[in-house]
Amino acid sequence: MCGIWALAGGAATTSEVRTEHTDAFMRIVGRGPDLTVIEKVAPTVHLGFHRLAIVMPGDQPSQQPIVGDGFSVVCNGEIYNHKQIKDEFPLANVRNGGSDCAAIVHSFVGNKGDLRAACASLDGVFAFVMADQDRVYIGRDPMGVRPLFYGFAADGALVVGSEVKCISNLVERIEYFPPGSCATFIPAMKTRALQIHKYWSIPTIADKFVTMDAAQVLIRDVLIKSVEKRLMGNRHFGFMLSGGLDSSLIASIATKFLKHTPHAFSVGFEDSPDLEAARQVAEYLSIPHHVLVITPKQCIDVIPEVVNALETFDPLIIRCGIAHYLLCKHISETSDVKVLLSGEGADELFGSYAYMQRAPNAFHLHKEIIRRMTHLHQYDVLRCDRSTSCHGLEIRVPFLDKKMIDLVGRLPPTYKLIEKRKKRKMEKSAFEGWLPSEVLWRSKEGFAEALGKTDLGEIIHEYATKLISEEEFGARHELFPDRTPETKEEFWYRSIFEQCYPLEKIVHVVHTKVYKTAAWHLTEEKENLAKLLVNSDDESKMSEEEMRELRRKAATTLNSGVVA
């Protein structure tokens with residue numbers, strides 16, 4: 001995990017960046033505490049880089065900017081096929097060319113300046129800014145696993161950064177750079193727009209017609225390779241075990257390939273049954289297991305920090321981010337682990353959330369999977385990135401590998417829609433022997449709900465009810481006319497958020513609708529209540545209070561999906 005930043009063009013650009021620029025850049029120093037660099041690489045272009053040393057820590061070739069053939073680049077990412085690209089398109093005299101991210105320059109030059117072809121050739125996760133003497137080139141990985149934002153300053157300068165907080169005070173309006181896209185900017189033209197082009201899209205057509213058994217084999221092979229390629233680096237690896245299948249399966253695969261013993265970490269309230277399930281997995285894999293027992297008070301106290309870190313006011317992302325944030329802080333303070341592997345993205349990819357399994361038919365499930373995947377960079381991927389990066393950790397997500405998405409996204413959606421009370425053979429046998437059977441078949445709780453028998457959502461709801469007076473809540477439409485909070489919990493988050501960020505610059509970037517609808521236009525807003533599973537045809541009969549109860553709950557999954 002690293003942090004990148006760029007300043008390009010503008011009437012006031014000088015040979016040195018100003019204090020307000022460096023102050024903004026330093027707001028994301030947690031992303032890379034090992035090295036900080038701001039370098040002028042062209043007459044009107046400065047590139048900034050905060051380094052978290054993962055591959056070749058402390059070694060000069062892994063530093064940035066990377067410079068070669070007249071191009072300078074800073075990148076937050078990992079390019080897994082960097083050796084193949086460097087071999088195919090060799091370049092001489094590349095400064096810091098030992099970095100895997102040097103493959104960006106190699107590919108761009110080798111593809112004769114075709115930015116889309118260069119980005120498409122990269123197998124990995126990345127957000128980069130590259131410059132020559134005349135142009136600035138920007139690219140982001142297919143699913144937006146690595147974040148990237150941009151905006152224009154009052155003098156017309158383009159400002160790009162890894163997080164909102166490092167550009168918000170410098171630009172007039174903040175935009176996220178879209179996943180699977182690239183763009184070119186010419187500072188001399190003094191335009192205040194980017195010409196953004198897609199180089200990759202989530203597959204929308206289920207055109208891979210294979211048997212269930214063949215799909216099982218393909219998924220197993222692709223996932224194993226996806227995990228294996230993400231083990232590059234010589235820092236200590238770890239897993240965040242929730243006791244569910246996704247994280248446990250990734251841990252099982254990675255443990256077979258890592259040379260050094262990884263460590264597992266779990267978090268929960270004292271009465272959490274998931275801690276026992278996580279312990280079983282760690283014991284089965286013969287790896288050390290560290291448990292962080294937290295209290296409701298700790299969860300409440302840390303919420304302002306979480307809102308600031310996550311850069312959103314979506315209630316479910318914040319609630320799920322609390323435990324994630326606390327655990328990452330604990331890992332950073334008590335261990336040498338720097339890289340975490342996660343099972344994020346599996347539920348969206350396989351359509352295994354409970355509400356998704358209630359789709360009217362396989363076609364609507366397929367549509368909802370595409371919708372959720374399209375916005376994933378604004379939800380769970382965002383939560384994972386910000387919760388880890390602010391503590392100097394890096395997270396890797398094998399389920400969101402480009403090849404994995406291309407395979408699963410094109411499988412018949414009927415393979416993902418589960419018949420009631422019927423466990424499919426593919427689930428049982430795809431990774432048989434890789435985990436204890438009770439874990440393989442266990443229903444996975446959402447991260448927030450997995451904390452214990454006491455519901456975190458209810459704890460926060462009760463606290464917010466006492467914190468926010470009826471008078472304050474009654475004025476919510478005047479205070480927050482756009483996306484007015486519907487509960488006091490949402491009111492609290494929104495109030496904290498607006499203390500941290502200029503809403504008028506960022507409100508359009510904060511997505512809050514994924515959990516409030518579905519591709520088939522049902523009215524429920526969350527995917528997790530057994531009540532909805534029991535009364536699947538009675539949504540229209542729910543009262544407003546019952547609907548608000550749904551919003552206080554976090555996501556859960558069925559025992560579903562091709563591998564989940």
What helix-only [θ] at 222 nm does the chain give? Using -39500 (n - 2.57) per DSSP H run of at least 4, over all residues, to the nearest 500, the answer is -10500 deg cm²/dmol
With every protein chain in place, the accessible area of residue 500 for a 1.4 Å probe, in Å² rounded to the nearest 10, comes to 40
antiparallel share of DSSP beta bridges within the chain, to nearest 5, in %, is 75
Residues whose modelled amide H sits under 5 Å from the amide H of residue 123, counting only those 5 or more places away in sequence or on another chain, are 80, 81
Per residue, accessible area of the chain with a 1.4 Å probe, heavy atoms of protein chains only, in Å², comes to 38
Length gained, residue 228-residue 511, 0.36 nm per residue minus C-alpha separation, equals 98.6 nm
With a 30 Å threshold on alpha-carbon distance, the violating pairs from 83/416; 165/190; 256/513; 86/403 are 83/416; 256/513
Each label sits 7 Å from Cα toward the beta-carbon; between residue 466 and residue 437 the label points are separated, in nm, by 4.7
Taking the alpha-carbon centre of each part, the distance from region 162-186 to region 231-284 in Å is 35
A student applying the Cα gyration tensor rule (rounded when a/c is under 1.5; otherwise prolate if a/b is larger than b/c, oblate if not) would label region 450-516 oblate
Rounded to the nearest 10 degrees, the helix 296-310 long axis (Cα) sits at an angle to the longest Cα principal axis of the chain of 40
In terms of the alpha carbon gyration tensor, root eigenvalues a ≥ b ≥ c, rounded if a/c is under 1.5 and otherwise prolate when a/b exceeds b/c or oblate, region 167-242 is oblate
The correct ranking of 414, 184 by accessible area at 1.4 Å, largest first, is 414, 184
Per 20 angstrom bin, beginning at 0 and ending with the bin that holds the maximum distance, the Cα pairs of the chain fall in percents of 21, 56, 22, 0
With all protein chains present, the chain has a carbon and sulfur share of its accessible area (1.4 Å probe) in percent of 51
Interchain or sequence-distant (5+) residues whose placed amide H lies within less than 5 Å of the amide H of residue 265 are 239, 240, 241, 290
So, with points 7 Å from each Cα along the Cβ direction, the residue 308-residue 257 label distance in nm works out to 3.7
Quick tally, 1.4 Å probe accessible area for 35, 365, sorted with the most first, runs 35, 365
Mean projected area (nm²) from the convex hull of Cα positions in region 96-185 is 6.2
Between the Cα axis of helix 380-389 and the main Cα principal axis of the chain, the angle (0 to 90°, nearest 10) is 60
Heavy-atom accessible area with a 1.4 angstrom probe orders 37, 439, most exposed first, as 37, 439
Simple spin-label estimate for residue 335/residue 208, 7 Å along Cα→Cβ, in nm, reads 3.1
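The values are calculated or read from the model by the stated rules, or taken from the named source; none is laboratory data. If you're wondering where the values come from, they're calculated on a predicted model, not measured in any experiment. Please note: Cβ atoms are built from the backbone with ideal geometry, for glycine as well, and neighbour counts cover all protein chains shown. Each accessible area value is taken on the protein alone, full model and side chains, heavy atoms only, with ligands, DNA and RNA left out. Shrake-Rupley method; radii C 1.70, N 1.55, O 1.52, S 1.80 Å.
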